[in-house]
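So the structure is just underneath, and the comments pick up after that.
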Amino acid sequence: MPTELINGFGKVYLTIAYDPANKWVYNNWIGYQTYTGIIAGADACLPTLEEHACAYLLNDNRQVLGPWDHAVEWIVTNWAPRAIASGLTHFAHIVSSESLAAQSATSMLLGFEGQLQMHMFDNIEDAQRWLQAAQQQAR
């Protein structure tokens, strides 16, 4: 059953679900993202990764609006080390077509360099194929 996080306006801004068929966690971020919401959402993802000993994250930002640069440093320096300690090795990030959100994703990619495998995609199918290929290589 997916976890839903609600913003101050009563709207879902993130759903988190473990996909047992594909053995990855799927995060679907929606709308404008605040610093506080990003921290709460990223932290809420960790128990799901840990519970399933999951090394693969499919992070979907196609519905994100606006930049989220304000949280990139925290994601890279605080969240990523904890996610990696939980077993995360591969991070497939589907970028929003909204250019400011895509710029934030690029900053995160640069920050992750050397910490874990991250690739950015403009569609979910390519992101899924990349994660599946990584799983095949790990076997």
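The values are calculated or read from the model by the stated rules, or taken from the named source; none is laboratory data. Predicted model, so just to flag it, every value in this text is computed and none were measured. Neighbour counts are summed over all protein chains in view; Cβ atoms, including those assigned to glycine, are modelled from backbone coordinates with ideal geometry. Heads up: the accessible areas ignore ligands, DNA and RNA and are worked out on the full protein's heavy atoms, side chains in. Shrake-Rupley method; radii C 1.70, N 1.55, O 1.52, S 1.80 Å.
Miscellaneous remarks
- Residue check for His70: over 14 Å from the mean Cα position of the chain (by Cα) and modelled with pLDDT of 90 or more: yes
- Counted residues, segment 10-46 - those being β-branched (Val, Ile, Thr) and not in a helix (DSSP H, G or I): 6
Condition check ((1) among the small types (Gly, Ala, Ser); (2) within 19 Å of Trp130 (Cβ to Cβ)) across all residues:
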position	(1), (2)
Asn7	no, no
Tyr26	no, yes
Glu50	no, no
Gly66	yes, no
Leu100	no, no
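- Near pairs, Cβ below 8 angstrom, 6+ apart or cross-chain, from segment 42-61 (touching a residue at least 24 places away in the same chain (Cβ under 8 Å) and more than 12 Å from Ala80 (Cβ to Cβ)) to any residue that is of a type in the set (Asp, Glu) and open to solvent by 10 Å² or more (accessible area, probe 1.4 Å): Leu58/Asp19
- Segment 47-75 - residue that is assigned to a helix (DSSP H, G or I) and hydrophobic (A, V, I, L, M, F, W, C) and, of those, most open to solvent (accessible area, probe 1.4 Å): Trp74
- Count of residues meeting criterion [over 23 Å from Gly31 (Cβ atoms) and open to solvent by 70 Å² or more (accessible area, probe 1.4 Å)] in segment 84-114: 4
- Contact annotation: residue pairs with Cβ atoms under 8 Å, 6 or more positions apart or on different chains, pairing a residue in segment 100-129 that is over 14 Å from His90 (Cβ atoms) with a partner that is surrounded by fewer than 18 Cβ atoms within 10 Å (Cβ to Cβ) and modelled with pLDDT under 85, are Asp122/Ser97.
- So Asn78, is it open to solvent by 30 Å² or more (accessible area, probe 1.4 Å) and over 26 Å from Ile6 (Cβ atoms): no
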